[in-house]
Amino acid sequence: MNKTALRALLRERRALIAPESHGFVRSRGQGRRAPGLSQHQVDQLLHRTLGTYHRLESGNYPNPPAALLRDVARLFGLNEQEWVSLCRYALLQDPPGPLHLSSGKEVPGVWREAVNGISHIAYIADASWDMLVYNDACAAVFPGGEVPPNIMRWMVLSPVAREILLDWDTAWAPMLLPQLRSALATRPEDETLQQIEKEVLADPMAAPLYGADKPYPHPDGDERPLLHAEKGPGWVTMCAAQPLTAPGARMMILVFHPGRERVHPRAPMLRAT
């Protein structure tokens with residue numbers, strides 16, 4: 001626990017909340033004059049035992065439950081980046097999931113210009129794998145330039161995808177389906193993810209692979225065979241990143257190398273000199 005950082009974050013955000021906004025009457029006498037909610041009022045609003053919030057803010061609450069941290073974060077109006085900071089300060093780890101269900105569903109508009117400026121295949125999908133933005137190089141991968149509205153549903157369920165994503169049952173699906181399972185574990189109320197899982201379980205080819213329960217493989221740096229609609233067969237090397245304002249969203253850059261055989265060397269890891 002980083003007590004100093006935790007105390008500073010909570011004190012600052014608590015001071016911004018007017019007690020009157022939650023029905024409390026500010027004393028006009030010689031009582032408390034500090035700005036914002038009192039620690040006692042925070043306990044009342046969160047329906048916690050008196051002294052609970054004081055222990056948290058003072059750093060005397062080892063391993064506080066994530067539910068308490070989430071309630072405090074929502075009461076204080078923290079954004080997703082502040083929510084990450086709160087969990088890191090209090091628990092020394094990243095949060096178990098997003099603060100709000102709507103998080104990961106949008107990115108700043110400047111990302112469109114950034115993606116369009118990339119020469120390789122590039123796109124950004126939200127936390128449900130709904131496509132937010134893609135460039136012309138991405139559209140060229142698909143027959144007729146028709147980019148699917150949800151890239152995960154297309155990759156794991158579309159008959160066309162099983163032709164474009166070469167060796168679909170060995171090189172693609174076993175890597176994709178654990179990502180779906182992992183996303184549902186952190187966003188169990190996401191209706192889009194729920195529906196994709198339902199369709200996967202009803203699919204005779206995808207269901208057995210989904211049930212294999214393999215560990216979650218991150219796609220960053222992975223290489224997979226692909227049949228490009230314009231350039232023919234080749235391999236794509238994946239670069240994966242996440243916009244910081246949209247936890248769960250993903251930016252993908254796919255470097256395409258034509259040819260059926262994997263003849264190009266894997267690029268070495270980059271390290272500061």
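Key figures for this structure:
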item: Pairs, first within 16 Å of Pro243 (Cα to Cα) in region 116-128, second of a type in the set (Ser, Thr, Tyr), C-beta under 8 Å, six or more apart; result: Ala122/Tyr134; Tyr123/Tyr134; Ile124/Tyr134; Ala127/Ser103; Ser128/Thr192
item: Criterion (in contact (Cβ under 8 Å) with a residue 60 or more places away in the chain and either among the acidic types (Asp, Glu) or in a loop (DSSP other than H, G, I, E, B) (or both)) met by exactly one of Gly36, Gly97; result: Gly97
item: Residues of region 88-115 that turn out to be among the polar types (S, T, N, Q) and either in contact with a helix residue (DSSP H, G or I) (Cβ under 8 Å, 6 or more places away or on another chain) or surrounded by 15 or more Cβ atoms within 10 Å (Cβ to Cβ) (or both), as a count; result: 2
item: Pairs where the first residue, in region 173-196, is within 18 Å of Ala212 (Cα to Cα) and the second is aromatic (Phe, Trp, Tyr) and in a helix (DSSP H, G or I), C-beta under 7 Å, 6+ apart; result: Leu177/Tyr210
item: Which numbered condition Gly97 misses (of (1) over 21 Å from Glu12 (Cβ atoms); (2) over 14 Å from the mean Cα position of the chain (by Cα)); result: (2)
item: Search result, residues across region 64-87 that are out of contact with any helix residue (DSSP H, G or I) (no Cβ under 9 Å at 6 or more places or on another chain) and under 18 Å from Lys3 (Cα atoms); result: Pro65, Val84
item: Only listed residue being within 14 Å of Ser128 (Cα to Cα) and charged (D, E, K, R), chosen from Arg162, Arg187; result: Arg187
item: Cβ-Cβ under 7 Å pairs, at least 6 apart or on other chains, region 1-21 side in contact (Cβ under 8 Å) with a residue 12 or more places away in the chain and surrounded by 13 or more Cβ atoms within 10 Å (Cβ to Cβ), far side among the β-branched types (Val, Ile, Thr) and outside any loop (DSSP other than H, G, I, E, B); result: Arg14/Val42
item: Residue match in region 130-144 (condition: of a type in the set (Phe, Trp, Tyr) and either within 21 Å of Gly211 (Cα to Cα) or not assigned by TED's automatic domain parsing to the domain that holds Ala212 (or both)); result: no
item: Number of the exception - Arg181 against (1) of a type in the set (D, E, K, R); (2) touching a strand residue (DSSP E or B) at 6+ places or on another chain (Cβ under 8 Å); (3) farther than 30 Å from Glu261 by Cβ; result: (2)
item: All positions within region 184-204 that are at pLDDT 95 or above and in contact with a helix residue (DSSP H, G or I) (Cβ under 7 Å, 6 or more places away or on another chain); result: Leu193, Ile196, Glu197, Glu199, Val200, Leu201, Asp203
item: Residue count for region 219-261, restricted to those that are in contact with an Asp or Glu (Cβ under 6 Å, 6 or more places away or on another chain) and closer than 20 Å to Asn116 by Cα; result: 4
item: From Val133, Val141, Val147, residue being in contact with a Cys (Cβ under 7 Å, 6 or more places away or on another chain) and at pLDDT 95 or above; result: Val147
item: Region 163-172, subset crowded, with 18+ Cβ neighbours inside 10 Å and touching a residue at least 12 places away in the same chain (Cβ under 8 Å), residue nearest to Ala66 (Cα to Cα); result: Trp172
item: Of all residues in region 46-69 being in contact (Cβ under 8 Å) with a residue 24 or more places away in the chain and surrounded by fewer than 17 Cβ atoms within 10 Å (Cβ to Cβ), the one that is nearest to Glu20 (Cα to Cα); result: Leu46
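The values are calculated or read from the model by the stated rules, or taken from the named source; none is laboratory data. Source: prediction; values computed, not measured. Positions of Cβ are generated from backbone atoms using ideal geometry, with glycine treated the same way; all protein chains shown enter the neighbour counts.
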